[in-house]
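The values are calculated or read from the model by the stated rules, or taken from the named source; none is laboratory data. Because the structure is predicted, anything quoted here is derived from the model rather than measured. Please note: Cβ atoms are built from the backbone with ideal geometry, for glycine as well, and neighbour counts cover all protein chains shown.
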């Protein structure tokens with residue numbers, strides 16, 4: 001039981017040292033991740049359609 005208590009105390013102590021992002025930073029980074037994910041998805045979609053057309057042209 002002492003080991004569990006010591007683990008919890010040490011984990012809590014480490015969590016106090018963390019520099020948590022502000023609400024604005026969290027929002028901005030979330031938007032950035034969504035925009036980059038959408039851009040990469042669009043990039044992959046464009047090349048997928050392009051390659052599908054090329055394969056269809058070559059096999060027809």
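Scanning the stretch 12-32 for residues that are part of a helix (DSSP H, G or I) and surrounded by 10 or more Cβ atoms within 10 Å (Cβ to Cβ) yields 25, 26, 27, 28, 29, 30, 31, 32.
Based on what the data block shows, is residue 7 surrounded by 10 or more Cβ atoms within 10 Å (Cβ to Cβ) and either assigned to a helix (DSSP H, G or I) or modelled with pLDDT under 95 (or both)?
Considered against the rule, which asks whether it is surrounded by 10 or more Cβ atoms within 10 Å (Cβ to Cβ) and either assigned to a helix (DSSP H, G or I) or modelled with pLDDT under 95 (or both), residue 7 comes out as yes.
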